[in-house]
Amino acid sequence: MGCWVATANEQRSAVATLNAAYLVCDRAEGRCTEALANLHSTLDPMYRRTYGPGEGPLLSSDITEFRVTHWAPAEIRALSQPRAADIEIRISPVEKAVVRMATETGARGATGANPTPQVWRLDQCNRR
């Protein structure tokens, strides 16, 4: 459990600056499940482009299923392929690190895909 922190392409980030994520993987079932809550606000460039001044924050939540593509002691990789992007989770138990990478794709019918990946790392949430 933690918060996704953008490490690349934060101007296009689909994950809000204020978020909470819970990720669990099951080797026997060959899947990982991510529960993600986003509080979209004026802290987020994409929100500022979409909503005008005076608009309040928007809370959203999603459950995403990932298919495990690799499971080894040093790394677990899992993939989700919604219509507009390939989203990969990489877990390094040795380094105690988790990375989420989304790459837009037109392969499943979405148009205007930008192939530059968006990248986040799972971190502890700031408690203020």
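Quick notes on this one:
- Residue within the range 45-56 that is surrounded by 14 or more Cβ atoms within 10 Å (Cβ to Cβ) and at pLDDT 80 or above present: no
- Within the range 83-105, the set of residues being more than 19 Å from Val5 (Cα to Cα), at pLDDT 80 or above and surrounded by fewer than 16 Cβ atoms within 10 Å (Cβ to Cβ) comprises just one member, Val94.
- Filter pass, Val15 being outside any strand (DSSP E or B), under 12 Å from the mean Cα position of the chain (by Cα) and either at pLDDT 95 or above or not small (Gly, Ala, Ser) (or both): yes
- Condition check for Arg108: at pLDDT below 95 and either out of contact with any Ser or Thr (no Cβ under 8 Å at 6 or more places or on another chain) or surrounded by 18 or more Cβ atoms within 10 Å (Cβ to Cβ) (or both): yes
The values are calculated or read from the model by the stated rules, or taken from the named source; none is laboratory data. These numbers were taken from a predicted model, which means no experiment stands behind them. Note that we place each Cβ from the backbone using ideal geometry, even for glycine, and neighbour counts take in every protein chain shown.
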